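In what follows, a structure is listed as structure tokens, so that the remarks can point back to it.
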Amino acid sequence: MLLKDRVAIVTGGAGINGLGFATARMLAAHGANVVILDLAGANPAGAAAELGPQHLGVVADVTNKEQCDAAAQAALARFGRIDILFANAGITQPRKTLDITAADYDAVLDVSLRGTLLMSQAVLPAMREQRSGSIICTSSVSAQRGGGILGGPHYSAAKAGVLGLMRAMAREFGPDGIRVNAITPGLIATDIIKGKLTEERKGEIANDIPLARLGRADDIAGAVVFLGSDLSAYCTGVTLDVNGGMLIH
């Protein structure tokens, strides 16, 4: 198994039909002990139990530094190490530029960008002590192409910020044996798009994608397993497109 006995934290991981849980499931299938972080209403303990009794669910708001630090300490108390962070938590809003309020901006930037920083800060001391670790950040194709299908400009800005943060951390922590990379998903068929796109619109989008389909949650999960494992041992500062060719540079 690629990740036998490694410890992986997944933020925003409790939604059973979401990217986080699909990734947590695949990480566990490859031998990792998984810590699922999410808000109380999402029931991270229940999601972890779905993976098996050895896994851990922790209630944490990634915009709160104390809760991020406490979650990392809970992982260390249970498993003694942290090998992988999948900084997946994020929210999106369908806003036009002139309609973005201060509250909208704060909500989107706080979860995606501040949350990635705070959780990275929470796990980096343990990784530095181990002299090993892999942080995988979730950005978006919308950060690269200047707008997405569902998210507004503030979402694109948040996800572009994640790419800059990732690259800076990769440079800073490479000498400590810590790799930091990002994935940029395209449109993935999860609950987040339910009721927001008609089947006809989904078909139109798929027709413009070289692989001729929307993404699946497991497409993202596979990329995270790769970046978390030794298969990517010489990869850091990488932006890995997982979009079926929606954006070809």
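The values are calculated or read from the model by the stated rules, or taken from the named source; none is laboratory data. What you are looking at is a predicted structure, and each value in this text was computed from that prediction instead of being measured. All Cβ positions, glycine included, derive from the backbone under ideal geometry; neighbour counts span all protein chains shown.
Considering only strands (runs of 3 or more DSSP E) fully contained in segment 8-101, which possess at least 2 residues that are closer than 25 Å to P185 by Cα? Lay out the reasoning, then the answer.
Values: elements: 33-38, 56-59, 84-87.
Per the criteria, 33-38, 84-87.
Considering only segment 194-216, I want to know if a residue exists there that is within 20 Å of the chain's Cα centre (by Cα), assigned to a helix (DSSP H, G or I) and modelled with pLDDT of 80 or more.
Checked against the condition, which is being within 20 Å of the chain's Cα centre (by Cα), assigned to a helix (DSSP H, G or I) and modelled with pLDDT of 80 or more, segment 194-216 yields no hits at all.
More than 25 Å from I84 (Cα to Cα), out of contact with any Asp or Glu (no Cβ under 6 Å at 6 or more places or on another chain) and free of Cβ contacts under 8 Å to residues at least 40 places away in the same chain: is that true of E204 in this structure?
Values: more than 25 Å from I84 (Cα to Cα): yes; out of contact with any Asp or Glu (no Cβ under 6 Å at 6 or more places or on another chain): yes; free of Cβ contacts under 8 Å to residues at least 40 places away in the same chain: yes.
The answer is yes for E204.
Within segment 164-191, take every residue that is more than 22 Å from G147 (Cβ to Cβ) and among the β-branched types (V, I, T) and give me the one that is nearest to the chain's Cα centre (by Cα).
Across segment 164-191, the extreme among qualifying residues is V180.
Do we find a residue being surrounded by fewer than 19 Cβ atoms within 10 Å (Cβ to Cβ) and acidic (D, E) anywhere in segment 41-60?
The answer is yes, given that some residue of segment 41-60 is surrounded by fewer than 19 Cβ atoms within 10 Å (Cβ to Cβ) and acidic (D, E).
Being in contact with a Lys or Arg (Cβ under 8 Å, 6 or more places away or on another chain), outside any strand (DSSP E or B) and among the small types (G, A, S) narrows it down to one of A107, A170, so name that one.
After applying the criteria, what remains is A170.
How about segment 207-230: which of its residues are within 20 Å of A182 (Cβ to Cβ), of a type outside the set (D, E, K, R) and in contact (Cβ under 8 Å) with a residue 24 or more places away in the chain?
Passing the criteria: G215, A217, I220, A221, G222, A223, V224, V225, L227, G228, S229.
Residues being touching a Gly at 6+ places or on another chain (Cβ under 7 Å) and loosely packed, with under 15 Cβ neighbours inside 10 Å: count how many of those fall in segment 84-106.
2
Would you be able to say whether some residue in segment 165-175 is in contact (Cβ under 8 Å) with a residue 40 or more places away in the chain and more than 27 Å from L3 (Cα to Cα)?
The answer is no; no qualifying residue exists.
Only one of these conditions is not met by I149: (1) at pLDDT 95 or above; (2) farther than 28 Å from V35 by Cα. Which number is it?
Of the numbered conditions (1) at pLDDT 95 or above; (2) farther than 28 Å from V35 by Cα, the odd one out for I149 is (1).
When the residues of segment 180-193 are narrowed to those that are assigned to a strand (DSSP E or B) and touching a Leu at 6+ places or on another chain (Cβ under 8 Å), which ends up modelled with the lowest pLDDT?
Step one: list which residues in segment 180-193 are assigned to a strand (DSSP E or B), which gives 180-185, 188.
Within this subset, residues satisfying the condition of being touching a Leu at 6+ places or on another chain (Cβ under 8 Å) are 181-185, 188.
Values: N181: 98, A182: 98, I183: 98, T184: 96, P185: 94, I188: 84.
That would be I188.
With G80, G46, G13 as the choices, which residue is of a type in the set (G, A, S) and within 24 Å of T236 (Cβ to Cβ)?
G13
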